[in-house]
Amino acid sequence: MEPTKRGRVRVETTAKRVRVYVEGRAVADTTRALLVWEVPYYPTYYFPADDVRMEELKATGETRHSPSRGDAVVHDVAGRAGAALVYGDDAPLDQIRGHVRFDWDAMDNWFEEDEEVFVHPRDPYTRVDILPSSRHVRVEVGGVTVADSHNPRILFETGLPPRYYLPKTDVRLDLLRPSETVTHCPYKGRAVYWSVGEEESGRDLVWSYPTPLPESQKIAGLVAFYDEKVDVYVDGVLQDRPKSKFA
């Protein structure tokens, strides 16, 4: 991959086949997608206009400006308002000229090759390692021990604090209240949540991946806590609460 940077924007090519679907129709299908880091945390896909079903797009007459990417013409996609941006020949980044950016959440399905992906494209510079450990991990919420384990699996993910995934048999499940919250991770899959107690501060503190993606199978059915919001003791030592976007 040959990276290009302009200010805070990084642009790279990818060899993956990438497809976008709306109402069962592929509105884009390419092996020439670009990965564009509009924010530092993860990239966004940009598609060559030649690989987009442009008849599905309708220009709104509006433009959207970015200091680094210039002006793009806003398009509706299959009736979905403002779901695509089309960059012309005057874009300051020559790599994105003649490319289309779709709003991720406005589309129904995204595929890398034949595997559906969620939330955002997988970042080629993000690594997830899941390691078994014999460390003693104890979790307190409001001074009450809700988990105590000598058999954690520690998940190390680039750019995020380590997460301690614990067997349910080491967790006070009687203190957990099922939540309706469901989230998706492009590296781990679909997560379900629990709250601790009735206070707002205890909402969605706990999660698990019942059927994670193949590369994260080691955490299947295990339970993790937001260390940013609970007290975690590792081998008897209280850990500093991480400073992250989840704090």
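Just so you know, all these numbers are worked out from the coordinates, no wet-lab data involved. Here the structure is a predicted model, which means the values were calculated and not measured. Ideal geometry is used to build each Cβ from the backbone, glycine not excepted, and the neighbour counts take in all protein chains shown.
The stretch between residue 180 and residue 200, if pulled fully straight at 0.36 nm per residue, gains 5.8 nm over its current Cα-Cα span. Considering every Cα-Cα pair within region 128-238, what fraction, in whole percent, is farther apart than 18 Å? Above the 18 Å cut-off, region 128-238 has 45 percent of its Cα pairs.
Using modelled backbone amide H atoms (1.01 Å from N, in-plane), which distant-in-sequence or interchain residues come within less than 5 Å of residue 136's amide H? For residue 136, whose amide H was placed from the backbone, the distant partners under 5 Å are 235. Note on residue 31 and residue 62: the model spin-label points, each 7 Å out from Cα along the C-beta direction, lie 3.7 nm apart.
Springs between Cα atoms under 10 Å define the GNM used for the chain, and in it the highest mean-square fluctuation of 131, 222, 85 occurs at 131.
Amide H contacts under 5 Å for residue 63: 74, restricted to partners 5 or more places along the chain or on a different chain, H placed in the peptide plane at 1.01 Å from N. Contact order for region 4-117, expressed relative to its length and based on alpha carbon pairs under 8 Å spaced 6+ residues apart, stands at 24 percent. For the pair region 98-158 and region 42-97, the centres of their Cα atoms are 29 angstrom apart.
Across the chain, Cα pairs under 8 Å and at least six residues apart give a relative contact order of 12 percent.
The calculated P(r) of region 39-149, using every Cα pair and 10 Å bins from 0, goes 11, 32, 24, 12, 10, 10, 0 in percent.
What the phi angles of region 210-222 give under the Karplus curve with 6.51, -1.76 and 1.60, with θ = phi - 60°, is a coupling list of x, 9, x, 4, x, 6, 10, 4, 5, 9, 4, x, 7 Hz, glycine and proline written as x. Taking amide H as placed 1.01 Å from N in the peptide plane, residue 117 has its amide H under 5 Å from the amide H of 110, 111, 112, each at least 5 places away in sequence or on another chain.
Label-to-label distance for residue 105 and residue 127 is 3.2 nm, based on points extended 7 Å past Cα in the beta-carbon direction. Computed from backbone phi with θ = phi - 60° and the Karplus coefficients 6.51, -1.76 and 1.60, the 3J(HN,Hα) list for region 16-30 is 5, 7, 10, 10, 10, 10, 9, 6, x, 10, 7, 8, 8, 8, 8 Hz; x is used for glycine and proline.
The Cα-based radius of gyration and maximum Cα-Cα distance (Dmax) for the chain are 21.3, 62 Å.
Note on residue 94 and residue 41: the extension gain reaches 16.8 nm, defined as 0.36 nm multiplied by sequence separation minus the Cα-Cα distance.
A straight chain from residue 136 to residue 173 at 0.36 nm per residue would run longer than the Cα-Cα distance by 11.4 nm.
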